[in-house]
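Okay, so here's the structure we're looking at.
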Amino acid sequence: MSGLLAGRTTMRFNPKADISGGNVRDAGGRRGGGAPMRFPVPGGAKAGGGIGGLLLVVLFLVLTQCVGGGQGGTGGAGSMFDTGTGQMPAGLEADGDRYADCRTGADANEDPDCARKAVVLSLEQFWARTLPEQGRTELAPAPVNTFTGGVQTACGQASSQVGPFYCPADQQIYLDTSFFADVLEGQLGGQGGDFVEPYVLAHEYGHHVQNLLGTMGRVRTQQGPRSDAVRLELQADCYAGMWTRAAEGTADDDGVAIFSEVDESDISEALDSAKAVGDDRIQQRSGGRVDPEGWTHGSSEQRQAWFRTGYEEGTLEACDTWATDAL
Ligand SMILES: [Zn+2]
């Protein structure tokens with residue numbers, strides 16, 4: 001671990017890369033029609049403690065539902081959100097311009113939205129190459145949708161409160177980008193950094209790969225340190241590690257490298273984020289005792305370990321969290 005470097009900003013995109021192919025779009029959000037559905041942040045976004053009951057609920061939503069319908073198998077739709085209401089958020093409007101000016105790696109170095117677009121392009125390039133290379137299926141790309149307040153998905157209506165998630169029913173990734181500052185670095189005490197969001201996107205993309213490979217259908221047990229749910233989540237962390245290892249080698253359609261540098265401090269930021277979202281850490285921060293029987297995503301140690309396994313080994317095979325009980 002290179003903890004000394006954590007928090008430093010060194011991830012750099014290649015200014016010459018063409019990132020226009022990045023599959024990200026903005027789904028809009030609530031505008032002008034009342035307050036966004038952001039959850040309250042006690043004491044401000046950087047509050048270190050004092051997690052209230054409401055937030056506790058929110059965190060469980062964030063951390064138990066990020067695979068969406070995986071809870072109920074591959075079918076997905078309807079199992080993660082309250083689909084019964086069927087209401088579109090008032091004032092929902094598309095904001096198609098959010099990424100319009102994101103054209104090059106230079107833009108990505110300047111603008112977090114453009115950085116997201118470049119990362120999504122890199123993830124798509126990596127998995128499009130890796131799945132066939134390792135004898136698996138072709139990649140059907142997963143679009144990434146950003147939103148504010150609320151969004152309608154094939155898994156139902158989602159608010160910001162659920163955190164980043166993958167919806168198996170429409171094979172898309174959704175995130176309200178306020179999650180990173182408000183929750184991951186705020187309530188969960190992550191150190192932050194440029195590579196936090198790429199790690200989370202890579203984790204969600206990992207769920208997409210699991211969906212394509214049929215792995216989500218293996219989930220039977222939902223809680224506990226060796227449950228299928230935990231195996232699924234740790235595998236998504238492992239896949240995130242695989243991409244991180246290979247990110248520097250990903251290129252745009254003309255073969256121009258997307259990143260100019262991904263270094264130890266980026267890895268350190270990813271590991272710190274994995275630590276921050278460990279089930280034991282969340283149980284501690286929410287004032288409860290550590291109870292492995294309640295785990296759905298794995299402990300801080302497990303999440304970091306599996307990210308590292310993916311990073312060091314670089315193969316789907318090494319990420320087979322079902323093949324071992326030494327999780
Ligand atoms: Zn997940």
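The values are calculated or read from the model by the stated rules, or taken from the named source; none is laboratory data. Computed from a predicted structure; not experimentally measured. Neighbour counts are summed over all protein chains in view; Cβ atoms, including those assigned to glycine, are modelled from backbone coordinates with ideal geometry. Heavy atoms of the whole protein, side chains included, go into the accessibility calculation; ligands, DNA and RNA do not. Shrake-Rupley method; radii C 1.70, N 1.55, O 1.52, S 1.80 Å.
Rounded to whole Å, give me the distance from the Cα center of segment 173-189 to that of segment 191-239.
17 Å
Measure off 7 Å from each Cα along the Cα-to-Cβ vector at residue 315 and residue 111, then give the distance between these two points in nanometres to one decimal.
Spacing of the two 7 Å Cα→Cβ label points: 4.2 nm.
Cα gyration tensor of segment 91-207, axes a ≥ b ≥ c as square roots of the eigenvalues: rounded (a/c below 1.5), prolate (a/b > b/c) or oblate? Each step should come with its number before you reach the end.
Numbers: a/c = 1.38, a/b = 1.21, b/c = 1.14.
Rounded shape, in that the Cα axes give a/c under 1.5.
Please sort by residue number the trypsin sites (Lys or Arg not before Pro) in segment 182-258 whose DSSP state is loop and whose Cβ has at most 11 other Cβ atoms within 10 Å. Could you put the intermediate results ahead of the total?
On the way: sites: 218, 220, 226, 231, 245; in loops: 220, 226.
Hits after loop and neighbour filter: 220.
Specify whether the C-alpha gyration tensor of segment 152-285 places it in the rounded, prolate or oblate class, a ≥ b ≥ c being the square roots of the eigenvalues: rounded for a/c under 1.5, otherwise prolate if a/b is larger than b/c and oblate if not. Walk me through the intermediate numbers first.
Working: a/c = 1.44, a/b = 1.17, b/c = 1.24.
Because its axes are fairly even, with a/c under 1.5, segment 152-285 counts as rounded.
For a Förster distance of 25 Å, can you work out the FRET efficiency between the beta-carbons of residue 103 and residue 138, rounded to the nearest 0.05?
0.35
In segment 168-304, carbon and sulfur make up what percent of the accessible area (probe 1.4 Å)?
39 percent
For segment 189-311, report the accessible area per residue in Å² (1.4 Å probe, heavy atoms, rounded to an integer).
32 Å²
Which one of 191, 229, 181 has its Cα pushed farthest toward the positive end of the charge dipole of segment 175-327, where Lys and Arg give +1 and Asp and Glu give -1 at the Cβ?
229
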